[in-house]
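Engineer: Structure incoming, see below.
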Amino acid sequence: MKKSILNLGKTLNKSAQKEINGGRAFFDCSDVCRIREEDRQYHIALQMELYGLNFSHCTCSGHSC
């Protein structure tokens with residue numbers, strides 16, 4: 001805990017920034033469907049790159065995700 005508090009305010013290198021930007025892995029298609037439609041393809045590609053998870057099969061129409 002102390003170590004993580006001491007890291008507050010430090011500049012992050014590119015690798016650390018990319019790790020944080022990735023967020024968490026999606027659990028299922030409902031996670032994908034909660035993302036704005038215009039951002040969805042970016043996040044699907046990011047999940048594949050960071051976690052090896054392929055969510056390209058997800059179809060989001062209305063509330064039936």
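Taken together, the values in this text are just the output of simple stated rules run on the coordinates, not laboratory data. Bear in mind the structure is a predicted one, so any value in this text is a computation, not a measurement. Reconstructed Cβ throughout: ideal geometry from the backbone, glycine too, with neighbour counts over all protein chains shown.
Engineer: Give me the extension gain from Ser56 to Phe27: residue separation times 0.36 nm, minus the current Cα-Cα distance, reported in nm with one decimal.
Structural biologist: On the way: separation 29, 0.36 × 29 = 10.44 nm, distance 1.35 nm.
Length gained between Ser56 and Phe27: 9.1 nm.
Engineer: Go through 29-36, 54-61 and give me the packing order, highest mean Cβ count within 10 Å leading.
Structural biologist: On the way: 29-36: 14.4, 54-61: 11.9.
Final packing ranking: 29-36, 54-61.
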